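Presented below is the structure to which this report refers.
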Amino acid sequence: MNVLKKICIEKRKEIEVLKSKSSVDFFTKHHKKNENNFLRLLKRKDKEKYNLIAEIKRKSPSAGLIREKFNHVEIALNYKNAGAKCLSVLTEKNYFGGKISFIKDIKEIVNIPILRKDFIIDEWQIYESFYYGADCILLILAILDDTKAKKFLKLAHELGMDVITEIHDYEELKRAIKIGVQCIGINNRNLKTLEIDINLFKKLSRHIPQNIIKICESGISENDQLKKINEEGADAFLIGEFLMKQRNIYNATKDLIQK
């Protein structure tokens, strides 16, 4: 069984338990619609630094424990102060050591938009993301059919959240364009095998229409890579593991994204 399938099987069980504790009405009552400001920031070009979605995650299936001394709010502050445009917060608990409450904790201190990064397979999770203050959610096409993807996309927008639609190959790219997404994240990591192909962004991005925001994800650790991939059409970069491993996250982030 590949890693992605295993995660989703466990996620389905987890959601069924959580749904019995909190209803959709609970998530939407007394909560205002969000402002769709996540992707708007990524459309802006900065003369001094590359657009970064800085990721907060404690561990991963490929790397194991990434950061032992882990304070999600402190990390978020370091990212923001170093110039990150947005944050990505891993909320999956079993494989990535995350919690959905991390988003609320960070929102109280840090005022830049947050992506809830998880394995979203049920619309209940979208309402949950809204309740906890996510500005954007990740939809992974490898685990969703077109009907669900369109439905989830529409619901997120109705709640005022942006969406990054993640793809891993040309077939998923064609599906993303067909359902009318605003933003595509090309993940250089194969979620089934966990292998990285840093050239995947270049191979696929050339087929993406100009009006769709393009994000390069995974495998980035050098400033020269950002320069090259930016020239190949990337509007932003989602980077986590490399930065989370650094002793000084602030300095590493600042150095990585400078032009």
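The values are calculated or read from the model by the stated rules, or taken from the named source; none is laboratory data. Everything numeric here is computed off the predicted structure, so don't read it as measured data. Don't worry about glycine lacking a Cβ; one is built from the backbone with ideal geometry, like all the others, and counts go over all protein chains shown.
The single condition from (1) under 17 Å from the mean Cα position of the chain (by Cα); (2) among the aliphatic types (A, V, I, L, M); (3) part of a loop (DSSP other than H, G, I, E, B); (4) closer than 27 Å to Glu48 by Cα that Ile120 fails is (4). If the condition is being over 23 Å from Ile120 (Cβ atoms), touching a residue at least 60 places away in the same chain (Cβ under 8 Å) and either in contact with a Cys (Cβ under 8 Å, 6 or more places away or on another chain) or assigned to a loop (DSSP other than H, G, I, E, B) (or both), then segment 53-83 contributes Arg67, Gly83. Hey, could you check segment 75-94 for residues that are under 25 Å from Ile7 (Cα atoms) and either of a type in the set (Lys, Arg) or at pLDDT below 95 (or both) and say which is nearest to the chain's Cα centre (by Cα)? Ranking the qualifying residues of segment 75-94, first place goes to Lys93. Close Cβ contacts (under 6 Å, 6 or more residues apart or on different chains) running from residues in segment 1-19 that are over 20 Å from Ser60 (Cβ atoms) to residues that are surrounded by 13 or more Cβ atoms within 10 Å (Cβ to Cβ) and modelled with pLDDT of 90 or more comprise Ile15/Asp122; Lys19/Trp124. Of the set (1) surrounded by 21 or more Cβ atoms within 10 Å (Cβ to Cβ); (2) farther than 20 Å from Ile66 by Cα; (3) hydroxyl-bearing (Ser, Thr, Tyr), all apply to Thr91 but (2).
Considering the conditions (1) among the charged types (D, E, K, R); (2) in a loop (DSSP other than H, G, I, E, B); (3) farther than 23 Å from Ile140 by Cβ, Glu92 is excluded by exactly one of them, (3).
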